[in-house]
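Take a look at the structure set out below.
The values are calculated or read from the model by the stated rules, or taken from the named source; none is laboratory data. It should be emphasised that the depicted structure is a prediction, and the values quoted were computed from it without experimental measurement. Positions of Cβ are generated from backbone atoms using ideal geometry, with glycine treated the same way; all protein chains shown enter the neighbour counts.
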Amino acid sequence: MKSSWRTILLWAIPALVVGFFLWQGSIAPAAPNTGKNTASTRMTYGRFLEYLDANRITSVDLYDGGRTAIVEAVDPDLDNRLQRLRVDLPGDTPQLITRLRSSNINLDSHPVRNDGAVWGLLGNLVFPILLLGGLFFLFRRSGNVPGGPGQAMNFGKSRARFQMEAKTGVLFDDVAGIEEAKEELQEVVTFLKKPERFTAVGAKIPKGVLLVGPPGTGKTLLAKAIAGEAGTPFFSISGSEFVEMFVGVGASRVRDLFKKAKENAPCIIFIDEIDAVGRQRGAGIGGGNDEREQTLNQLLTEMDGFEGNSGIIIIAATNRPDVLDSALLRPGRFDRQVTVDVPDIKGRLEVLNVHARNKKISEEVSLDAIARRTPGFSGADLANLLNEAAILTARRRKDAITMSEIDDAVDRVVAGMEGTPLTDSKSKRLIAYHEVGHAIVGTLVKEHDPVQKVTLIPRGQARGLTWFMPSEDQGLISRAQILARIKGALGGRAAEEVIFGDAEVTTGAGGDIQQVTSMARQMVTRYGMSDLGPLSLESQQGEVFLGGGWMTRSEYSEEIAARIDAQVRSIVEHCLEDTRKIIRENREVIDRLVDLLVDKETIDGDEFRQIVAEYTAVPDKERYVPQL
């Protein structure tokens, strides 16, 4: 809407300029307005004299100072009828006036109207006023655009959104799955509402709370809930809004923000994505930003400097706490660090209940089953899952969401959009053996997660998929479980080797081999699960930032490096040999499962285990899964 107004003004101002100059004389002036005594038929001055000599003129009205006359004359060609005619007189003609009076002709003179001067004055005034008004309006509207000319004097002003009583529509009851974080922040809200309960025992209000967690876990949603619950003035701003290309602007905005906050204390300041301004100050290797560091220094001073910030609680959110400056994280600035992690099964169920409130869900749908199928999902992932299911329901013209839409939505969120079904029989059977190889090993190795579904329907880059579903989130993983996952990942390659031979091995196991190598190497270098003993030989390093980690050195000798490679190779080869043995011993059931999979394209976990149980004993996996 703003851009359309600016476009209209940009076209209107040149049009006013052109119209002004046309008005000032580029167009010929119109004939004088003679009121009711106007005539469209003209008569020459010579003919007028002839009519005057023949006594055919009855009246004469003079205009424009005697330069124009409207006469009434008797026309013999029109049966002596009166006709009104216009005559242009030669100028000052006193003899003509004397002659008209002597002939007893009705003579009248009309003074000149001074309308031209009035209109000229108005034209000279109106155009500049319109031009200045249009420019003022244009600059004023552009003042709302970041970096616009109207903000030339407001670079140093804070862009924080301020609300005396933030009505975000979100309360703590609307935030589910992160009960520990809610409890920490509920205490902050209580401190703001009833500070006497804490000050009576000498407690001080915390100065800052840092929300740390992966993307999509609800950090910003928690801030909205705090704003809705607290009932105190609330400032919200993003960390990136402090930093500009102009030197000193970010620090000025920090000062202005805290100045406004002190005027409205007690209040809350929420800084989203604080890592944009609070990154570590370094040696400048890799391109330091002095403006960003000045902004951070000003923020440190305002949070806990000489004057302090009594009555102001700063809540910040980030998913990169590893890059934040250590001075920013110390007590006195951020007294608390609240971890907002992905929810467990109970938290996922609560999140699903929140997002299912405004959706029509069939009675057959079990939210508990969905929560068990989605380990590792964040709150945003679960919200997206139910939304995708609702979209599929509307596309299929159903009245309510069913488990079919839930299953398809899970597959789409995890693996991508469904592709074109396979038609080539040879390629389809090879992929079927590959996927059944994963599933049969995952089913017969007792430490492995149970199979949920095997499908030949392509999704994303995968031509086929095998889904495994842990019964519960596992914070700790045993050595046997890691080896079982390595065997399950190698099941596809082992099936290709045993069934088709080494010459027909495909590139389909490329991603599996990368996972296998990574897991085996972590067993050796990080978890101490090899013959090298309990040694941590490699640390988990992040990206190089401002000189941190720029100069790296090997943490072990070349001899140890060779032993690490040998241990990784030994683990993988041992697991691959066990996997080949499982494939050879269960060739009959594998062939049956492949025929069924090629025909149906999808086999669920229960049917898969039932068929395998007809040929061999399926281990009970429940005892290897932590109980609720």
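For region 330-360, which positions are of a type in the set (A, V, I, L, M) and under 28 Å from the mean Cα position of the chain (by Cα)? Answer for region 330-360, where residues must be of a type in the set (A, V, I, L, M) and under 28 Å from the mean Cα position of the chain (by Cα): V338, V340, V342, L349, V351, L352, V354, A356.
Might you let me know whether region 65-74 holds any residue that is over 13 Å from R47 (Cβ atoms), in contact with a Leu (Cβ under 7 Å, 6 or more places away or on another chain) and not in a strand (DSSP E or B)? Yes, there is a match, as at least one residue in region 65-74 is over 13 Å from R47 (Cβ atoms), in contact with a Leu (Cβ under 7 Å, 6 or more places away or on another chain) and not in a strand (DSSP E or B).
Scanning region 328-347 for residues that are of a type in the set (K, R) and not in a loop (DSSP other than H, G, I, E, B) gives R336, K346. Pairing residues of region 423-448 that are over 20 Å from A613 (Cβ atoms) with residues that are acidic (D, E), at Cβ distances under 8 Å and at least 6 apart in sequence or on separate chains, gives L430/E496; L430/E504; Y433/E496; H434/E496. The number of residues in region 78-102 that are in a loop (DSSP other than H, G, I, E, B), in contact (Cβ under 8 Å) with a residue 24 or more places away in the chain and in contact with a strand residue (DSSP E or B) (Cβ under 9 Å, 6 or more places away or on another chain) comes to 1.
Quick one: in region 292-316, which of the residues that are among the acidic types (D, E) and either buried (at least 17 other Cβ atoms within 10 Å of the Cβ) or part of a strand (DSSP E or B) (or both) is modelled with the highest pLDDT? Per the criteria, the residue is E302.
Residues that are surrounded by fewer than 21 Cβ atoms within 10 Å (Cβ to Cβ) and closer than 19 Å to D174 by Cα within region 382-396 comprise A383, N384, N387, listed in sequence order. Checked against (1) of a type in the set (S, T, N, Q); (2) touching an Asp or Glu at 6+ places or on another chain (Cβ under 7 Å); (3) modelled with pLDDT of 80 or more, N37 meets all criteria but (3).
Residues in region 402-413: is at least one among the basic types (K, R), surrounded by fewer than 20 Cβ atoms within 10 Å (Cβ to Cβ), on the phi < 0 side of the Ramachandran plot and under 25 Å from the mean Cα position of the chain (by Cα)?
Yes, that holds for at least one residue.
Of the residues making up region 363-398, those that are within 13 Å of L352 (Cα to Cα) and among the basic types (K, R) are R372, R373.
One residue stands out among those in region 44-84 that are more than 22 Å from S102 (Cβ to Cβ) and acidic (D, E): the one that is surrounded by the most Cβ atoms within 10 Å (Cβ to Cβ), which is D64. Quick one: count up the residues across region 357-378 that are assigned to a loop (DSSP other than H, G, I, E, B), surrounded by 13 or more Cβ atoms within 10 Å (Cβ to Cβ) and touching a residue at least 40 places away in the same chain (Cβ under 8 Å). Of the residues in that region, 5 qualify. Checking T552, T507 one by one, the residue that is exposed (fewer than 12 other Cβ atoms within 10 Å of the Cβ), at pLDDT below 85 and assigned by TED's automatic domain parsing to the domain that holds A613 is T552 and no other. Within region 327-359, the set of residues being closer than 20 Å to Q186 by Cβ and small (G, A, S) comprises G347 only. So which residues in region 202-229 are more than 27 Å from the chain's Cα centre (by Cα) and assigned to a helix (DSSP H, G or I)? Scanning region 202-229 gives no hits.
So, L422, is that one more than 28 Å from A484 (Cα to Cα), among the hydrophobic types (A, V, I, L, M, F, W, C) and either in the same structural domain as G508 (by TED's automatic domain parsing) or not in a helix (DSSP H, G or I) (or both) or not? When the stated conditions are applied, L422 passes them. Report yes if L444 is farther than 30 Å from E504 by Cβ and of a type outside the set (V, I, T), otherwise no. Against the criterion (farther than 30 Å from E504 by Cβ and of a type outside the set (V, I, T)), L444 does not qualify. When I457, I482, I406 are screened for being modelled with pLDDT of 85 or more and in the same structural domain as A617 (by TED's automatic domain parsing), only I482 passes.
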